[in-house]
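All remarks here apply to the structure that follows.
The values are calculated or read from the model by the stated rules, or taken from the named source; none is laboratory data. Owing to the predicted nature of the structure, the values given are computational and were not obtained by experimental measurement. Cβ atoms come from the backbone with ideal geometry, glycine included; neighbour counts cover every protein chain shown. Accessible surface areas use protein heavy atoms only, side chains included; no ligands, DNA or RNA. Shrake-Rupley method; radii C 1.70, N 1.55, O 1.52, S 1.80 Å.
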Amino acid sequence: MSGERDDAGWLGRFASASGGVAAKQCFFTGFVLAMSLLLAVSRSSLVFSGPYLAAAAALVLMTVLTGVVRWASIPHGWIAVVPLFDIAAAGLMRDVFRADAAAVALFAFLPALWLAYAFGQRGNLMATAAVTLAISLPTVVRAFPDIDSVVITRSLLVPMVVAQMGFMVALARSRTLAERARTRALLGEKEELLSAAVTQERLMENIIDTIDMGILVLDRNGRVAMINRAHQELSRYASPPGQETPREADLLMRFPNTAIPVPEDQRPIARAADCETFSNYVVGFGPTRGRGRKVSTSARQIIDVDGQRDGAVIVFADVTPYFDAARRQQRFVAAVSHELRTPLTSILGYLDLVMDGGRVPAEDLAHLEVVSRNAEQLLTIVEDLLATQSVQDSGIEISRTSVDLSQLTRRAVESMRHEAQAKQLNVAESIDDTPEVSVDPSRMTQAIDNLLSNAVKYTPERGGITVSVREHHGAVEIRVSDTGIGMSPEEQTNLFTQYYRTPTARQHHIPGHGLGLSITKLIVLAHEGQISVRSTEGAGSTFTIRIPQLRRSSVS
Ligand code: ADP
């Protein structure tokens with residue numbers, strides 16, 4: 001069998017239409033010899049006759065030859081020689097068995113089908129012709145001159161059956177070949193698509209790796225599917241010492257300019273895995289002291305062609321240089337503010353003296369009130385700028401004591417009532433008595449004041465404000481709702497970022513400088529609390545502060 005090239009095993013070679021010559025020939029010769037032995041039991045004189053033995057020997061010889069010939073190196077057509085030879089041998093054997101010819105004639109079937117299998121309808125034609133010559137012709141010749149319709153029918157029967165069976169085999173073969181060609185073409189197409197996809201993926205990986213910004217892709221189960229080089233480098237700043245590949249929860253991550261660690265569920269990857277989309281969410285990477293980076297993070301959800309969520313991509317941009325530049329600018333502004341505060345306080349003091357002196361005519365008093373209001377507003381801005389600067393420099397310092405937040409909120413509402421009345425706003429209160437909590441009273445007042453003054457500022461005249469305090473799930477919840485200008489979902493994403501003002505607020509020409517909410521958030525975080533907002537553009541906003549009752553230790 002050394003001539004066989006096919007390496008799909010003996011059975012594979014046997015089934016191959018173009019190869020397996022030796023295997024098929026072995027099978028045929030074995031079959032003929034076994035049948036001959038059976039025939040020899042009752043017809044030994046015929047089987048052991050010269051022509052029969054010669055045919056059997058020729059078959060054996062041909063079998064040996066098929067094992068020696070290197071079929072792979074000679075043209076495919078030459079294979080036909082073997083089954084044609086077999087048909088001739090079968091014809092010779094059948095001739096010896098003249099009286100019981102029918103059974104021996106069947107020997108020719110196997111090589112005939114082989115031809116049809118190997119060469120299709122062409123092979124079938126060859127086989128029919130060979131069987132006619134090897135079996136039918138001798139029958140007719142032997143019967144000569146007594147040729148009648150029975151002789152003709154008997155002689156034609158074998159080639160006719162061979163032709164029909166061969167036709168079916170050739171048909172099945174051509175179908176199989178067509179199917180195989182189709183499968184091959186499909187496989188080829190798939191391979192091409194696969195290699196195009198691999199090329200695309202490599203290209204994407206290269207592009208992503210050359211980008212300066214960190215990129216991290218999550219799969220639909222929240223597992224990390226891809227990280228680029230920039231993200232790995234950025235993460236190093238936040239890696240705890242001795243940890244090569246820390247989990248996100250172990251990274252040293254703080255709210256910018258504070259020592260307050262970002263809680264696990266508020267970290268960028270956790271938020272993105274929780275199906276959130278956000279932009280410009282700034283966190284500090286690294287320890288409180290020493291080298292660290294300010295990182296702006298944004299996340300988008302990936303939606304597949306069926307509209308299903310397929311994961312998320314998070315982008316990390318190192319914004320430390322911008323923060324440093326902004327800080328330099330803020331220091332300058334703070335220095336100027338500081339210089340402005342003293343003369344402003346003096347102006348306000350003297351204004352009060354003049355206005356309270358009772359010697360100013362009513363008409364001038366109204367003018368002086370405008371001057372005083374504007375000077376006060378200027379002082380508020382100056383104070384805010386200075387407060388922001390002090391937070392930048394030293395973080396929010398809190399000094400905890402036991403405080404009744406309901407009481408504190410009631411007082412804050414009372415102080416803003418005058419302002420609200422000026423705009424004819426309806427102020428409703430729903431303040432429950434709540435247990436005392438350990439907080440910094442002045443910082444909490446500052447936070448609540450900020451929410452209340454925003455509610456007044458961003459609610460048009462004759463609108464409404466509702467303030468509620470309640471105990472909820474182990475926390476005291478302070479809620480300030482208004483029926484004001486509201487915010488779009490995009491505007492809400494950046495709300496607690498310093499100096500951010502919504503386009504809606506700008507369009508309404510409402511004064512402000514975008515610092516109050518960022519300070520409020522820092523105060524709430526310093527108390528390990530949470531602040532959230534729900535708002536609808538044109539319909540109003542609700543800000544909620546939650547301060548947990550059980551305090552572990554004081555945070556500064
Ligand atoms: P300021 O009010 O001085 O601009 P804040 O930090 O308090 O600064 O608020 C930031 C921005 O958030 C505001 O400029 C405004 O666009 C928006 N905002 C805050 N509170 C409200 C509110 N109650 N309704 C609508 N927009 C608000």
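Might you report the magnitude of the Cβ-based charge dipole of the chain about its Cα centre, with Lys and Arg at +1 and Asp and Glu at -1, to the nearest 20 debye?
Charge dipole, the chain, about its Cα centre: 2460 debye, nearest 20.
Inverting the mean 1/r over all pairs of different Cα atoms, compute the Kirkwood radius of region 500-543 and quote it in Å.
Values: mean 1/r = 0.0837 Å⁻¹.
Taking the inverse mean of 1/r over all distinct Cα pairs, region 500-543 comes out at 12.0 Å.
Suppose a student asked you for the relative contact order of the chain, using Cα pairs under 8 Å spaced at least 6 residues apart; what percent would you report? Kindly include the intermediate steps, with their values, before the conclusion.
Numbers: 819 pairs, mean separation 40.7, N = 556.
Here the relative contact order equals 7 percent.
Just to check I understand the Karplus step: with θ = phi - 60° and J = 6.51 cos²θ - 1.76 cosθ + 1.60, what whole-Hz values come out for region 526-542, glycine and proline as x?
Going residue by residue, I get 4, 9, 6, x, 9, 10, 9, 9, 10, 8, 10, 4, x, 10, x, 9, 10 Hz, with x marking Gly and Pro.
At 0.36 nm per residue, and after removing the present C-alpha to C-alpha distance, how many nm does the segment from V68 to T176 gain when stretched out fully?
Taking 0.36 nm per residue and subtracting the Cα distance, the gain is 35.9 nm.
Using the beta-carbon distance between A197 and V305 and R0 = 22 Å, what value does 1/(1 + (r/R0)^6) give for FRET efficiency, to the nearest 0.05?
0.90
Semi-axes, largest first, in whole Å: what does sqrt of 5 times each Cα gyration tensor eigenvalue give for region 130-194?
Result for region 130-194: semi-axes of 48, 9, 4 Å.
Do you know the relative contact order of region 62-160, to the nearest whole percent, from alpha carbon pairs under 8 angstrom that are 6+ apart?
24 percent
Where does the Debye-calculated log10 I(q)/I(0) of region 235-294 sit at q = 0.16, 0.19 Å⁻¹, using only Cα point scatterers of equal weight, no solvent?
Taking Cα atoms of region 235-294 as identical point scatterers yields -0.48, -0.67.
Multiply the residue separation of I431 and F144 by 0.36 nm, subtract the distance between their alpha-carbon atoms, and state the gained length in nm to one decimal.
Working: separation 287, 0.36 × 287 = 103.32 nm, distance 12.60 nm.
Difference between extended and current length: 90.7 nm.
Quick one: helix 229-238 against the long Cα principal axis of the chain, what's the angle to the nearest 10°, folded into 0 to 90?
40 degrees
Under the rule of at least 5 residues apart or a separate chain, name every residue whose amide H is placed under 5 Å from the amide H of A225.
Counting only residues 5 or more places away or on other chains, the set is V217, L218, D219.
Report E369's accessible area, 1.4 Å probe, all protein chains in place, as a number in Å² to the nearest 10.
It works out to around 90 Å².
Heads up, I need the accessible area for L61: 1.4 angstrom probe, whole protein in place, Å², nearest 10.
For L61, solvent-accessible area is about 120 Å².
When ranked by the protection proxy of mean other Cβ atoms within 10 Å per residue, highest first, what sequence do the peptides 31-43, 105-117 form?
105-117, 31-43
Let's test the formula: R0 of 30 Å, r as the Cβ-Cβ distance of D404 and Q424. What FRET efficiency results, to the nearest 0.05?
Calculated transfer efficiency: 0.45.
Work out the FRET efficiency for A325 and Q232 from their Cβ-Cβ distance, taking R0 = 25 Å, and round it to the nearest 0.05.
Efficiency at R0 = 25 Å is approximately 0.45.
Taking only Cα atoms, what is the 0 to 90° angle, nearest 10, from helix 405-422's long axis to the longest principal axis of the chain?
Helix 405-422 and the main axis of the chain meet at about 70 degrees.
Whenever you get a sec, compute what percent of the accessible area on region 306-461 sits on carbon and sulfur atoms (1.4 Å probe).
Values: 4680 of 8800 Å².
After summing per-atom areas, the C and S share lands at 53 percent.
How far apart, in nanometres, would the label points at V354 and L378 be if each is projected 7 angstrom from Cα along the Cα-to-Cβ direction?
Going from the V354 label point to the L378 one covers 1.2 nm.
With a 1.4 Å probe and all protein chains in place, put Y52, Y500 in order of accessible area, largest first.
Result of the area sort, largest leading: Y500, Y52.
Modelled label-to-label distance, L106 and A58, 7 Å Cα→beta-carbon offset: nm?
2.3 nm
Contact order normalised by length for region 372-454, with contacts defined as Cα pairs under 8 Å and 6 or more residues apart; what percent is it?
Across region 372-454, relative contact order equals 40 percent.
Send over the Kirkwood Rh of region 446-515, from the inverse of the averaged 1/r over different Cα pairs, rounded to one decimal Å.
13.3 Å
Hey, rough spin-label estimate for A185 and V224, points 7 angstrom out along Cα→Cβ, what's it come to in nanometres?
4.7 nm
Taking only protein heavy atoms into account and a 1.4 Å probe, give the accessible area per residue of the chain in Å².
That works out to 55 Å² per residue.
Projecting each Cα onto the charge dipole of region 1-152 (Lys/Arg +1, Asp/Glu -1 at the beta carbon, about the Cα centre), which of G120, A17, S49 comes out farthest on the positive side?
A17
Going toward the positive end of the dipole of region 430-556, with +1 on Lys and Arg Cβ and -1 on Asp and Glu Cβ, which of I485, L451, L517 do you reach last?
Positive-most Cα among the choices belongs to L517.
What percent of all Cα-Cα pairs in region 1-146 falls into each 5 Å bin, going from 0 up to the bin containing the maximum distance?
With a bin width of 5 Å, the distribution comes to 2, 10, 19, 21, 19, 14, 9, 5, 2, 0, 0.
In degrees from 0 to 90, rounded to the nearest 10, what is the angle of the helix 320-356 Cα long axis to the longest principal axis of the chain?
Approximately 30 degrees, to the nearest 10.
Starting from the eigenvalues of the Cα gyration tensor, five times each then square-rooted, give me the equivalent ellipsoid semi-axes of the chain, largest first, whole Å.
103, 24, 20
Let me check I've understood the local charge: for R173, count other residues with C-beta under 13 angstrom from its C-beta, Lys and Arg +1, Asp and Glu -1. What total comes out?
Computed value for this residue: +2.
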